[in-house]
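This report refers to the structure that appears directly beneath it.
The values are calculated or read from the model by the stated rules, or taken from the named source; none is laboratory data. A quick note: this is a predicted structure, and the numbers were derived from the prediction, not measured. Cβ coordinates were reconstructed from backbone atoms using ideal geometry, including for glycine residues, and neighbour counts include every protein chain displayed. These accessible areas exclude ligands, DNA and RNA; they are computed on the full protein's heavy atoms, side chains included. Shrake-Rupley method; radii C 1.70, N 1.55, O 1.52, S 1.80 Å.
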Amino acid sequence: MANSVAVWVVQPEWVMSEILDGEAVIVDLRSGRYHAAQGVAATAWSVLGRGADLGTIVREVSAVHAPVPFDVEVRISAFIDQLLAAELIVEVAGSAAAPTADSSRNVSPSPWNDPVLESHDDLEDLLLLDPVHDVGADGWPQIAPPK
Amino acid sequence: MSRGPRFRALLDAADLAAQRLGVHVETFELAGRVICLESAGPGVLAAVAPAFAHLPRAAEGKPVELRIRLFDTASSGVSLPDLGLTQVTGSGAEGQVITPIISDGGQSFVLHGYEQAVSYLDHASGQAVLAVADAAAIPPWDRACPLRALLTWWFAPQGLLLAHGAAVGSEDGAVVLVGRGGSGKSTTSLACLAAGLGFLGDDYVLIDSEATRVWSIYGSAKLAPEHLARYPELLRPDEPLALDPPDAKAVGWPLRDRPTARVLSAPIRAFVVPGVVGGPICELIPQAASRALMALAPLTMFQTPGDSRLAFELAIAAVRTVPSLELRLGDDMTTAAFALAGILNEEP
């Protein structure tokens, strides 16, 4: 039986991301902030892309980075707190995910680096001037209510 | 009011303005597509067309794929029709409101404030309207890079990204310079122009992500005082408009002043992210593709409203396939041009 634990997923409404050359580029369409995550942080972000609990993230990060610090859970938790504070991930109802088959376990591990979110807010002013920048298939317009 | 009647109302307004003032036409090719500007009177066309003057005229008989109707209220006396939209008030300048629409193949974008403009594109028919309050009040930065919203909307579904960036090189290959304002894009592109490299754009270029190709859109450059001081022989800036704010950048026309530097299109050899680090010379060093994506995507996505997710995907596809380089800018900008020329001279 699956245990009920906190499971996080990437915020689906306003976050877009891509991992290139081992670095995640994360864009917040709502705020105009954008972020980068390298190394361990990029691995954790990729796991979160599938939806994951703390145990799953720790397990998958530990499989591809070394040496794993004794307090790995604390460090990953701190990174998750950063992501939550930036509203890049959300907690969803779920259960502990099953371990995934991961071919990366057969390759040499990457060096461990403490997971950090590099954040940039230099474009926020563009959204302050133009508050609606992302318009999807549902469309904008808002019809003016009858007076 | 549904979207169809909105567009019809805008077309009717454009027709009425054209009846009153006559139609002035410019047709050019951009990225192999024929675009026709039909202006009611000369006013809006005179503000918009110079940015495209370096592009080739359309070949006789080649069908128009995008027809953009232009009119202004001040010269035509035709007011913007009531589009029945709620205005969204931003938290920026007083009275700054914006109402974009995207759905059913039609998009609209209203800018109140400095531009006082409405852009509307109907994808299905390849027709668009730009209505402005007063052509004479179109600000210099908009004259340098006009119709951005319409072109962004029209090109993106075709896989072409109207990207915030500069590009220099030759028809055999170009580098795309990406980064936020003040990072050194214009300084670098002008240094390359002065060193004899070809010029595709200073502020915006069109990127074909699948073909990994860059196209020139605008023949303009936005010029800070240091650019004018550094390259007085290179650029003749436009006279400022009476209503220009004192801190407005001047607009210059590198491809008007140096037509032989014109490069319309080229395969992309590298994405280059400049940054001022100091020191005597400029250095070019490899970096992760993610850094080019960070420099290209957010600014491109947030500067022009539209489908940000599609823009992000196009940016990813573009940077994934070519090298990404960091250009560390030092005092001697000729070394930047030299370093970039070295990249361009390598065998692809």
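Can you check what the net charge comes to around B:Phe52, using other residues whose Cβ is under 12 Å from the Cβ of B:Phe52 (Lys, Arg +1; Asp, Glu -1)?
My count for the surroundings of B:Phe52 gives +1.
Taking the Cβ of A:Glu118 as the centre, find all other residues whose Cβ is under 14 Å away and add up their charges (Lys, Arg: +1; Asp, Glu: -1).
Numbers: positive: A:Arg33, B:Arg291; negative: A:Glu23, A:Asp28, A:Asp114, A:Asp121, A:Asp122.
So the surrounding residues net to -3.
Quick one: ranking B:Lys185, B:Lys222 by accessible area, 1.4 Å probe, largest first, what do you get?
Numbers: B:Lys185 10, B:Lys222 40 Å².
Result of the area sort, largest leading: B:Lys222, B:Lys185.
For the interface of chains B and A, what total accessible area is buried with a 1.4 Å probe, rounded to the nearest 100 Å²? Mind showing how you got there, number by number?
Details: alone 15020 and 9170 Å², together 20690 Å².
The B and A chains share an interface burying roughly 3500 Å².
Determine the order of A:Glu18, A:Glu23, B:Glu226, B:Glu26 by accessible area, beginning with the largest, at a probe radius of 1.4 Å.
Working: A:Glu18 45, A:Glu23 5, B:Glu226 105, B:Glu26 65 Å².
The residues order as B:Glu226, B:Glu26, A:Glu18, A:Glu23, largest area first.
Size of the dipole of chain B about the Cα centre, Lys and Arg at +1 and Asp and Glu at -1 on the beta carbon, nothing else charged, in debye to 20?
On the way: 26 positive and 36 negative charges, 62 e Å.
Here the size comes out at about 300 debye.
Please report the carbon-and-sulfur percent of the accessible area for the range B:139-237; probe 1.4 Å, protein heavy atoms only, DNA, RNA and ligands left out. Write down the numbers at each step before the final one.
On the way: 1420 of 2860 Å².
Percent of accessible area from carbon and sulfur atoms in the range B:139-237: 50.
Taking the full set of protein chains and a 1.4 angstrom probe, give the accessible area of B:Arg309 in square angstrom, rounded to the nearest 10.
70
Determine the shape class of the range B:135-200: with a ≥ b ≥ c the square roots of the Cα gyration tensor eigenvalues, call it rounded for a/c under 1.5, and otherwise prolate if a/b is greater than b/c, oblate otherwise.
Working: a/c = 2.04, a/b = 1.32, b/c = 1.54.
Here the range B:135-200 falls in the oblate category.
Just to be sure I understand the interface: list residues from the range B:309-324 that lose 50 Å² or more of accessible area between the chain on its own and the complete protein assembly, 1.4 Å probe.
B:Arg309, B:Phe312
Name the shape class, rounded, prolate or oblate, that the alpha-carbon gyration tensor gives for the range B:254-337, where a ≥ b ≥ c are the square roots of its eigenvalues, rounded holds for a/c under 1.5, and otherwise prolate holds if a/b is larger than b/c and oblate otherwise. Walk me through the numbers before you get to the answer.
Numbers: a/c = 1.90, a/b = 1.28, b/c = 1.49.
In terms of gyration-tensor shape, oblate.
Once you have the alpha carbon radius of gyration of the range B:130-267, what is it after dividing by 2.2 N^0.38 Å, with N set to its residue count?
Compared with the compact-globule rule of thumb, the range B:130-267 sits at 1.04.
Straight-line reach from B:Lys185: which aspartates and glutamates fall under 14 Å, measuring Cα to Cα and dropping same-chain residues less than 8 apart?
Result set, ordered by chain and number: B:Asp202, B:Asp203, B:Glu226, B:Glu326.
With every protein chain present, what is the per residue accessible area of the range B:203-326 (1.4 Å probe, Å²)?
On the way: 5140 Å² over 124 residues.
Spelled out: the 1.4 Å probe surface of the range B:203-326, per residue, equals 41 Å².
Using a 1.4 Å probe over the heavy atoms of the protein chains, calculate the carbon and sulfur portion of the accessible area of the range A:4-75 as a whole percent. Don't skip to the end; give the middle numbers.
Values: 1490 of 2720 Å².
With neighbouring chains kept in place, the figure for the range A:4-75 is 55 percent.
Quick one: length gained pulling B:Arg258 to B:Glu233 fully straight, 0.36 nm per residue minus the C-alpha distance?
On the way: separation 25, 0.36 × 25 = 9.00 nm, distance 1.08 nm.
Here the answer is 7.9 nm.
Have a look at B:Ala261, B:Ala297, B:Tyr218 and report the one farthest towards the positive end of the charge dipole of the range B:168-306, computed about the Cα centre with Cβ charges (Lys/Arg +1, Asp/Glu -1).
Of the options given, the answer is B:Ala297.
With a ≥ b ≥ c the root eigenvalues of the C-alpha gyration tensor of chain B, is it rounded (a/c under 1.5), prolate (a/b larger than b/c) or oblate? The partial results should precede the final answer.
On the way: a/c = 1.77, a/b = 1.62, b/c = 1.09.
Prolate shape, in that a/c is at least 1.5 and a/b is the bigger ratio.
Which residues of the range B:268-297 end up with at least 20 Å² less accessible area in the presence of all protein chains than when their chain stands alone, using a 1.4 Å probe?
Residues shielded by partner chains are B:Ala288, B:Ala289, B:Ser290, B:Arg291, B:Leu293, B:Met294.
Rounded to the nearest 5, what is the percent of antiparallel bridges among the DSSP beta bridges in chain B? Each step should come with its number before you reach the end.
Values: 56 of 78 bridges.
Close to 70 percent.
Once ligands and nucleic acids are excluded and a 1.4 Å probe is used, how much of B:Asp12 is accessible, expressed in Å² to the nearest 10?
Number for this one is 80 Å².
Defining a contact as two alpha carbons under 8 Å apart and six or more residues distant in sequence, what relative contact order in percent does chain B show? Mind showing how you got there, number by number?
Working: 779 pairs, mean separation 52.2, N = 348.
Over chain B, the number comes to 15 percent.
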